[in-house]
Amino acid sequence: MALSVGGPIWNRDWASAPAKLVGRWMAETVGTAFLEETLFRGVALRQIARCIGTSSWTATQRWSVALVLSQLLFAIMHIPLLVYVGAPVLTSLPGLFLAGAALAALYMVTRNLFLCVGVHGLADAPTLIVIDRLNLLESQYFAVLSCTALIAVALSLKKNRTVALYRTCWTKLSNSTGRP
């Protein structure tokens, strides 16, 4: 069903093979996205920042350098896949770097790796719900735009102290009931 000229159309695979699409998303999320997020955001980003931590740099400088270096590794790691599928390597690397940097920024703001895994899984299989003839849902654009939106929400919540209030209430509840 076309929504507008050049706009998104519903993915007809939902009618014919919904289990196939759900399986594809599960494989992308549980497999590729979980591994890459754990390796590049959960480990590399933090370890690079930690190694730089002994220098005289500020925390902002350390985390900025760690973000750039870890996401350069993320983009470079995709070179064999790009060559294998015949994609243009040099023009694909900046998009991969930006998508990785957006996911790293989302992780740095929320400290929630599972949120990053979910966004990454959807970015790896962006045509599950709609097929976009304008290519707006292309993997890297989807990752950057969705991370930007989630970062804005997270910062807004932090600014309004909703997150701090929630954590305080949860801690008090956990301490009084003896449950985590």
*Enumerate the pairs (first residue in segment 48-65 and closer than 12 Å to MET108 by Cβ; second residue anywhere and modelled with pLDDT of 85 or more and among the aromatic types (Phe, Trp, Tyr)) with beta-carbon separation below 8 Å, excluding pairs fewer than 6 apart on the same chain, so at least 6 apart or on different chains.*
ALA49/TRP63
*Among the helices (runs of 4 or more DSSP H) confined wholly to segment 57-139, which include 3 or more residues that are modelled with pLDDT of 90 or more and open to solvent by less than 60 Å² (accessible area, probe 1.4 Å)?*
59-77, 89-110
*State yes or no: is GLY53 at pLDDT below 85 and either open to solvent by less than 60 Å² (accessible area, probe 1.4 Å) or within 17 Å of the chain's Cα centre (by Cα) (or both)?*
yes
*asked:* Of the conditions (1) assigned to a helix (DSSP H, G or I); (2) open to solvent by less than 80 Å² (accessible area, probe 1.4 Å), LEU39 satisfies every one except a single condition; which number is it?
replied: (2)
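The values are calculated or read from the model by the stated rules, or taken from the named source; none is laboratory data. Keep in mind the model is a prediction, meaning the values are calculated, not measured. Don't worry about glycine lacking a Cβ; one is built from the backbone with ideal geometry, like all the others, and counts go over all protein chains shown. Ligands, DNA and RNA are stripped out before the accessible areas are found, and what is left, the full protein with its side chains, is counted by its heavy atoms. Shrake-Rupley method; radii C 1.70, N 1.55, O 1.52, S 1.80 Å.
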